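Student: Okay, handing you the structure first.
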Amino acid sequence: MRETGVSEESLRRRGGGAGRSGPPGRRDSRRPRATAAVSRTAAAAAQRRERERLPRYWFAHQLVLTLSGRRPVHTLLGHTLPAAYDLLVELAPRAPLRPADSRAAAPVVQRCGEYRPRHGVIEAFARIASGDRLSALAFRLELGADARWRCAAIDLGPTVPSAATPV
C-alpha cells in the first residue's frame, strides 16, 4: 500500500498508473492516443516526397509540366542538353500532354521506371495520366561532370492531337 492510502490495485483499475497524462478514468476522444498511428494521407505524402527525390521522377514531372503547357520551356534550360532542349522548344507550343477537355484534371506522372545501361546513364519511361487518357513518355538522363543529371533525349511516341492543334 502507498502512503496516500490508495492501493496499487485500485490505481490500476481506475487507469491512474504511470504513463497517464490526464485525470484517472478520463476518456476523451479528442486526445491523441499514446501510440499515434500515421494517417494514410501522411504516409502517402511522405512516400511521394521520397519518390520525387529520384532523378527520373523529378524529370518526368518537369517534362509533364512543360509539355502540358503549364510551365515555360526555359525552366528546363539548365537541365537539358542542347538536342533535347531544341526538341522541347519544338514540342512545347503544341502542348502534346495538355488535356483535351479544359475541365479535365492536369496530367500527372502515374509511374516511372528506369533502365541503367551503364554508369551515369538512366533511360526512363513514364506513364502519364490525364483524365481517362494515358500517355507514354520516354527520356534519357546523363550524369554530367558536375554530378548533375541532364536530359539528353525525349520521346513521346506517336503524337496525339491535343486541344491546341485542330484535327
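The values are calculated or read from the model by the stated rules, or taken from the named source; none is laboratory data. Treat the numbers as computed from the prediction; the structure is a model and nothing was measured. Counting neighbours? That spans all protein chains shown, and the Cβs are built from the backbone with ideal geometry, glycine included. We work out accessible area using only protein heavy atoms, side chains counted, and drop any ligands, DNA or RNA first. Shrake-Rupley method; radii C 1.70, N 1.55, O 1.52, S 1.80 Å.
Student: Work out how much length H61 to H119 would gain on full extension: take 0.36 nm times their residue separation and subtract the Cα-Cα distance, in nm to one decimal.
Tutor: Residue separation times 0.36 nm, minus the Cα-Cα distance, leaves 18.6 nm.
Student: What FRET efficiency, computed as 1/(1 + (r/R0)^6) with R0 = 22 Å and r the Cβ-Cβ distance, is obtained for V38 and Q110, rounded to the nearest 0.05?
Tutor: 0.40
Student: Related question: Can you put D101, D155 in order of accessible area, largest first, using a 1.4 Å probe?
Tutor: The residues order as D155, D101, largest area first.
Student: So, one more: How would R94, R48, R30 rank on accessible area, largest to smallest, probe 1.4 Å?
Tutor: R30, R48, R94
Student: At 1.4 Å probe radius, can you tell me the per residue accessible area of region 41-167 in Å²?
Tutor: That works out to 59 Å² per residue.
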